[in-house]
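Written out below as structure tokens is the structure these notes cover.
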Amino acid sequence: MTETIPFNKPFHPPGTGDRVEVALSSGHTAGDGPQTHRAVSILNAMFEAAGILLTPSCTHALEMAVRLLNPAPGSEIIVPSYTFTSTANAIVLAGAVPVFVDIEPETQNLDFRLVEAAITDRTIAVFCINYAGIAPDILTLKEICDRRGLVLLEDNAHGLGASTRGRRLGSIGRLATQSFHETKNIQCGEGGCLVVNDESLMEAAEILREKGTNRSRFFRGQVDKYTWVSEGSSWLLADTLAAVLSVQLEYFDAIQAERKRVWETYRSDLQDWAHSNDVQIMTVPLESVQPYHMFYLVMPTLVLRTDFIAHLRQREISAAFHYQPLHSSNAGLRFGRVASDMINTLRAADQLVRLPLWTGMTDDQIGRIVAAVRSFKVS
Ligand SMILES: *Cc1c(COP(=O)(O)O)cnc(C)c1O
């Protein structure tokens, strides 16, 4: 009897427990303490952003990003239908309308060719979800946004460490978000951050995150008391979780190297199988440096994907499909507008499947998965 290989398994580098102990005994367990500074200084070195604010999740960071644009009621934000609910929820919670557009079939990212036709005089921003951390068209999207006077936002939950044409993902949009959920490469259970790439938004972002007060300026000695200055909420990550995060970030290169090894084995050992079975295998364009967040296949039909997942389950392997279309969901129908056909969204929703990919997989486990996949025949 073999043990089931999970789709994801959280990883905690050695020293994590000790670091949490340090945080617990330091007397500062709330947000923005020494462990937060430690994590942020590593993130700062990666991003060279105007500012990085740790949040309780990427979902919270997405809410902050949209709120910081101060959308007038009914403002429109263009977003792919193929994304996590949080991206669209953030738009709705801020009183704006998600305008759904299709993805393109190579990278499963927003199809920039459909964006211009979706723009109206109410459009204020475009959300780029860097799916699997591979977004070769994001610079084109940025050009479109600049030309049309729109803000580019990045949901970079998958893309920590990735780049395209030498530009780091998460540093291209005016605001970007990262996730440190247990399913992401770098994780602290629940956590995220807002990457602020426009200096002029930094003060408003701090106020929004600190209960509507100028407390962050107070702690820096820039004002002698802090008061309620605007609307806000409490979007800080507790320092105990920032301790977990800071260890992960220190192990970033090692974690990425482990994931790379798994990804490259899948890629090299499944390529001919995919080709002869009419299966699309995930590709990385030459101009992209990828984060090894995910390895996916696109099966020829929904029925074959269902069979494929069952075939792997029989062999004690958990594979997972991904997003269901947002534009046709109950909430999407209620809150959103549809601005293109959705052929590729429907295809990804029905046919895409992700293989297990996590830090700490053994050669034996990787070999079992490769053999199980290769024993599945499409016709
Ligand atoms: C994981 C994920 C989120 C949500 O992240 P949380 O940290 O769990 O809130 C948002 N968007 C995308 C694309 C994600 O993959």
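Structural remarks
- Against the empirical 2.2 N^0.38 Å (N residues), the range 66-109 has a Cα radius of gyration ratio of 1.21.
- Placing pseudo-labels 7 Å out from each Cα toward the beta carbon at residue 303 and residue 2 gives an inter-label distance of 2.8 nm.
- Two-decimal log10 I(q)/I(0) for the range 199-299, as the Debye equation yields it once each C-alpha is a single scatterer, q = 0.11, 0.17, 0.25 Å⁻¹: -0.64, -0.86, -1.23
- J(HN,Hα) series, the range 206-223, from Karplus relation 6.51 cos²θ - 1.76 cosθ + 1.60, nearest Hz, glycine and proline x: 5, 5, 4, 7, 9, 6, x, 10, 9, 4, 4, 5, 4, 5, 8, x, 8, 9
- Helical content of the chain, expressed as a calculated mean residue ellipticity at 222 nm, amounts to -12000 deg cm²/dmol (DSSP H runs of 4 or more residues, -39,500 (n - 2.57) each, divided by residue number, nearest 500).
- When only Cα pairs below 8 angstrom with a gap of at least 6 residues are kept, the range 44-150 shows a relative contact order of 24 percent.
- Structural descriptor for the chain: relative contact order 24 percent, calculated from alpha carbon pairs under 8 angstrom and at least 6 residues apart.
- Taking the square roots of 5 times each eigenvalue of the Cα gyration tensor of the chain, largest first, gives ellipsoid semi-axes of 35, 28, 16 Å.
- Descending by average beta-carbon neighbour count within 10 Å, the peptides 55-64, 6-15 line up as 55-64, 6-15, the highest first.
- P(r) for the range 246-290, from all Cα pairs and a bin width of 10 Å, is 23, 40, 26, 10, 1 %, short bins first.
- Relative to the dominant Cα principal axis of the chain, helix 302-314 is inclined by about 90°.
- The range 181-231 and the range 293-369: distance between their alpha carbon centers, rounded to Å: 35
- Convex hull per residue volume in Å³, alpha carbons only, for the range 241-363: 186
- Of the peptides 255-264, 184-193, the ranking by mean beta-carbon count within 10 Å, highest at the top, reads 184-193, 255-264.
- Förster-model FRET efficiency, 56 Å R0, residue 218 and residue 271, C-beta, rounded to 0.05: 0.45
- Per-residue Cβ neighbour counts within 10 Å put 142, 211 in the sequence 211, 142, beginning with the fewest.
- Using a Förster distance of 35 Å, the FRET efficiency for residue 146-residue 230 (Cβ separation, nearest 0.05): 0.80
- Only Lys, Arg (+1) and Asp, Glu (-1) charged, at Cβ; the chain dipole about Cα centre in debye: 260
- The range 33-43 - phi-based ³J(HN,Hα) in whole Hz, Karplus 6.51/-1.76/1.60, Gly and Pro as x: x, x, 6, 5, 4, 4, 5, 5, 5, 5, 5
- Nitroxide proxy distance, nm - points 7 Å out along Cα→Cβ at residue 70 and residue 117: 3.5
- In order along the range 142-151, the phi-based Karplus estimate (6.51 cos²θ - 1.76 cosθ + 1.60, θ = phi - 60°) of 3J(HN,Hα) comes to 4, 4, 4, 4, 4, 5, 9, x, 10, 8 Hz; Gly and Pro are listed as x.
- Contact order relative to length of the range 273-315, as percent, for alpha carbon pairs under 8 angstrom and 6 or more apart: 36
- Packing-based exposure ordering (other Cβ within 10 Å, fewest first) of 273, 228, 358: 228, 273, 358
- Per residue, the convex hull volume that the Cα atoms of the range 173-258 enclose (Å³): 122
- Least to most buried among 364, 269, 239, 111 (fewest other Cβ within 10 Å first): 364, 269, 111, 239
- Nearby lysines by direct alpha-carbon distance to residue 260 (threshold 24 angstrom, same-chain neighbours under 8 apart not counted): 9, 184
- For the range 1-160, the calculated P(r) over all alpha carbon pairs, in 10 Å bins from 0 to the bin holding the longest distance, is 9, 31, 30, 19, 10, 1, 0 percent.
- Amide H contacts under 5 Å for residue 317, placed H, 5+ residues apart: 5
- Rounded to whole Å, sorted largest first: equivalent-ellipsoid semi-axes of the range 132-213, Cα gyration tensor: 22, 20, 8
Rule-based calculations on the coordinates, nothing more; no lab input. For clarity, every value in this text was computed on a predicted model and none was experimentally measured. All Cβ positions, even for glycine, are placed from backbone atoms using ideal geometry, and neighbour counts span all protein chains on display.
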